[in-house]
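The values are calculated or read from the model by the stated rules, or taken from the named source; none is laboratory data. This is a predicted model, so every value here is computed, not measured. Neighbour counts are summed over all protein chains in view; Cβ atoms, including those assigned to glycine, are modelled from backbone coordinates with ideal geometry.
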Amino acid sequence: MSKHPRKQAPVWLTKEICSIEDFRAQVELTTDPGSVPLAAEVIDNIPVYDGKTVCEAYTNAATSRAFMAEWNEVLATGPGIVVVKNSYDDLNLIDDVTQVLNEIIEEERQTGAAAGDHFAAAGANSRIWNSHEKLCMAAPELFARYNANPVIAMISQAWLGPLYQITMQVNVVHPGGKAQDCHRDYHMGFQSPDALKDYPARIHGLSAMLTLQGGIAHCDVPLDSGPTKLLPYSQTYLPGYIAAQLPDFREYFEEHCVQLPLNKGDMLYFNPAVFHAAGENKTSDIDRMVNLMQVGSGYGRSIEIVDRTRMSAALYPVLKRMADDGALDSSQIQCVIAACAEGYPFPANLDLDSPLSGMAPDSQQHLMHRALASNWSSDEFEKALRDRQNRVRSH
Ligand SMILES: [Fe+2]
């Protein structure tokens with residue numbers, strides 16, 4: 001029997017161990033098209049996929065798993081970024097959602113509900129926090145059609161497994177809106193180097209495993225309107241949550257980042273540890289509208305409070321009708337339920353909600369699937385939701 005060797009990698013990450021030479025060695029790589037055989041092309045080291053091909057793959061277990069496996073590698077050890085072109089075949093759907101989102105922006109502006117944005121100067125952009133729940137409550141049928149999208153389901157599962165929790169935040173960057181500073185995203189991307197030094201290195205690695213960053217383009221986003229600046233492969237640099245905030249790394253980022261123009265209906269996804277920053281909108285006439293997505297692992301804590309009980313109650317009658325009249329097929333309904341209802345049954349009160357069989361109580365998603373399969377009325381479903389909520393509490 002051999003001895004367990006002592007590992008040399010540091011447990012505590014600090015500003016002092018961040019090395020621009022090490023960083024360069026990790027990010028100055030070229031993406032071999034042979035490493036991403038399912039991509040339509042590779043542009044600026046980023047694999048670009050065709051949305052129609054992806055959607056067709058969804059209902060075939062072998063091909064969808066092949067896509068997900070490729071994306072998992074791309075996000076973990078590859079360039080860290082995936083673009084899916086033409087993710088919606090019906091761009092009118094995007095326009096219809098845009099209209100509802102603009103109405104929400106206007107209503108929040110008039111009522112003073114818009115809280116502002118810690119990422120940008122006042123007036124430079126318009127934000128809708130929790131646009132996911134707000135869209136669902138304002139227009140549940142549109143919400144269903146918008147989220148009945150296999151690309152969202154497949155990329156989320158590819159990175160996080162099936163228990164993912166979608167959150168969305170609209171960002172409209174108006175002409176003249178400035179670029180952001182280079183950063184990483186939630187969770188650890190929102191902490192200072194001083195706070196980060198107290199977490200073991202493996203938790204730095206874990207942070208990026210708990211979220212997937214994404215965005216749906218609601219308009220064409222040409223280069224001068226400021227698509228996200230990205231540095232491929234930068235997610236692989238372990239001390240990167242600290243390094244992304246250091247001047248020499250930020251300088252390197254500005255010199256080497258890439259930007260891909262997007263069209264309406266395209267989607268961009270990346271590992272939250274990829275160094276990135278929103279670009280400057282240099283146009284005089286494009287309000288750059290992207291519905292940003294932070295998909296959280298069911299095992300982690302999402303960035304926003306989303307009332308999935310309320311959403312599920314609003315969605316159910318609409319989804320039932322769309323299932324009955326064939327507006328959505330079973331695989332699309334699966335996508336919508338995953339986007340709306342809570343898939344993870346914990347934390348639970350095991351006094352009140354101890355599973356009769358297996359290890360876990362039913363989740364909201366289980367409930368919604370069962371309700372549709374058993375043809376429950378809206379009242380029956382709402383009562384079951386409420387009963388479940390009443391069990392999710394402590395004494
Ligand atoms: Fe970001």
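Yes or no, residue by residue, for (1) modelled with pLDDT under 95; (2) under 25 Å from N281 (Cα atoms); (3) part of a helix (DSSP H, G or I):
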| site | (1), (2), (3) |
| --- | --- |
| G78 | no, no, no |
| D95 | no, yes, yes |
| E107 | no, yes, yes |
| M137 | no, no, yes |
| Y146 | no, no, yes |
request  = Go over the candidates P361, P317 one by one and state the one that is in contact with a Pro (Cβ under 6 Å, 6 or more places away or on another chain) and surrounded by 13 or more Cβ atoms within 10 Å (Cβ to Cβ).
outcome  = P361
query = Can you tell me which of F346, F381 is modelled with pLDDT under 95 and within 26 Å of T167 (Cβ to Cβ)?
reply = F346
message = So, in region 295-308, exactly how many residues are buried (at least 16 other Cβ atoms within 10 Å of the Cβ) and under 19 Å from A158 (Cβ atoms)?
response = 6
inquiry  = Any residue at all in region 159-169 that's within 29 Å of D50 (Cα to Cα), in the same structural domain as H256 (by TED's automatic domain parsing) and of a type in the set (V, I, T)?
reply    = yes
request  = Say whether the condition of being touching a residue at least 24 places away in the same chain (Cβ under 8 Å), in contact with a strand residue (DSSP E or B) (Cβ under 9 Å, 6 or more places away or on another chain) and charged (D, E, K, R) is met by at least one residue in region 95-109.
outcome  = no
query = Name the residues in region 201-221 that are touching a Gly at 6+ places or on another chain (Cβ under 7 Å) and not in a strand (DSSP E or B), would you?
reply = L210
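Determine whether Y58 is surrounded by 21 or more Cβ atoms within 10 Å (Cβ to Cβ) and more than 16 Å from the ligand (Cβ to nearest atom). Before you say what the answer is, go through the steps one by one.
Values: surrounded by 21 or more Cβ atoms within 10 Å (Cβ to Cβ): no; more than 16 Å from the ligand (Cβ to nearest atom): yes.
Considered against the rule, which asks whether it is surrounded by 21 or more Cβ atoms within 10 Å (Cβ to Cβ) and more than 16 Å from the ligand (Cβ to nearest atom), Y58 comes out as no.
Just checking, which of D198, D224 is surrounded by fewer than 20 Cβ atoms within 10 Å (Cβ to Cβ), more than 14 Å from the ligand (Cβ to nearest atom), over 22 Å from the mean Cα position of the chain (by Cα) and in a loop (DSSP other than H, G, I, E, B)?
On the way: D224 fails: in a loop (DSSP other than H, G, I, E, B).
Sole residue among the options that is surrounded by fewer than 20 Cβ atoms within 10 Å (Cβ to Cβ), more than 14 Å from the ligand (Cβ to nearest atom), over 22 Å from the mean Cα position of the chain (by Cα) and in a loop (DSSP other than H, G, I, E, B): D198.
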message = I need a count of the residues in region 162-190 that are farther than 21 Å from Y269 by Cβ and crowded, with 18+ Cβ neighbours inside 10 Å.
response = 1
query = If a residue has to be closer than 25 Å to W159 by Cβ, more than 16 Å from the ligand (Cβ to nearest atom) and either outside the structural domain of V83 (by TED's automatic domain parsing) or among the small types (G, A, S) (or both) to count, how many in region 253-294 make the cut?
reply = 1
ask   = Of all residues in region 40-71, how many are out of contact with any helix residue (DSSP H, G or I) (no Cβ under 7 Å at 6 or more places or on another chain) and in a loop (DSSP other than H, G, I, E, B)?
value = 4
inquiry  = I'm told G189 meets every condition in (1) farther than 30 Å from S284 by Cβ; (2) more than 16 Å from the ligand (Cβ to nearest atom); (3) part of a helix (DSSP H, G or I); (4) in contact (Cβ under 8 Å) with a residue 24 or more places away in the chain except one. Can you identify the failing condition by its number?
reply    = (2)
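Right, L206: away from the ligand (no atom under 16 Å from the Cβ), in the same structural domain as G279 (by TED's automatic domain parsing) and either without any contact (Cβ under 8 Å) to a residue 24 or more places away in the chain or within 28 Å of D96 (Cβ to Cβ) (or both) or not?
On the way: away from the ligand (no atom under 16 Å from the Cβ): yes; in the same structural domain as G279 (by TED's automatic domain parsing): yes; either without any contact (Cβ under 8 Å) to a residue 24 or more places away in the chain or within 28 Å of D96 (Cβ to Cβ) (or both): yes.
So L206 passes the test.
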